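Asks: What follows is a single structure, and I will ask about it in a moment.
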């Protein structure tokens with residue numbers, strides 16, 4: 001039986017929808033900088049309804065750190081909800097980018 005810490009080193013994919021005052025406050029740049037520091041790949045984009053969508057891949061431990069960061073956001077953001085869906089790692093990304 002594997003312990004929980006080993007599990008955190010496994011790679012995974014996460015889909016995140018962040019709601020609140022998350023557009024016009026540098027949320028995408030904030031997310032990209034954090035993801036790159038954590039060696040997480042994927043993308044972030046604004047949605048037409050005012051939310052921000054994030055798809056990220058990497059070690060579970062690093063993805064959990066990214067989730068905690070986006071739950072707070074940059075200085076002027078006000079995050080009211082953060083929906084997280086986990087799935088299998090695909091390896092399709094080579095960097096973390098902002099999509100438009």
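Asks: Okay, which of segment 32-47 sit inside 13 Å, backbone N to the point 7 Å along the Cα-Cβ direction of residue 17?
Replies: Counting backbone N atoms under 13 Å from the label point, the list is 47.
Asks: For the chain, take the longest principal axis of its alpha carbons; what is the angle in degrees between that and the long axis of helix 60-72, to the nearest 10 within 0 to 90?
Replies: Value to nearest ten degrees: 20.
Asks: Tell me, 100, 76, 89 in order of fewest to most beta-carbon neighbours within 10 Å?
Replies: Lowest count first: 100, 76, 89.
Asks: Among 17, 54, 72, which one shows the highest mean-square fluctuation when the chain is modelled as a Gaussian network with alpha-carbon springs under 10 Å?
Replies: So, out of 17, 54, 72, the one fluctuating most is 72.
Asks: Within a 10 angstrom radius of the beta carbon, how do 43, 86 rank from fewest other beta carbons to most?
Replies: 86, 43
Asks: Suppose only helical runs count, i.e. DSSP H with n ≥ 4. What mean residue ellipticity at 222 nm does that imply for the chain under -39500 (n - 2.57) per run, divided by all residues and rounded to the nearest 500 deg cm²/dmol?
Replies: -9000 deg cm²/dmol
Asks: Counting other beta carbons within 10 Å of each Cβ, put 48, 19, 87 in order, fewest first.
Replies: 48, 87, 19
Asks: Which angle from 0 to 90°, rounded to the nearest 10, does the C-alpha axis of helix 27-37 make with the longest principal axis of the chain?
Replies: So the helix axis and the longest Cα principal axis differ by about 30 degrees.
All of the numbers you see were taken from the coordinates with simple rules; none came from a lab. A quick note: this is a predicted structure, and the numbers were derived from the prediction, not measured. Methodologically, a virtual Cβ is constructed for each residue, glycine included, from the backbone with ideal geometry; neighbour enumeration extends over all protein chains shown.
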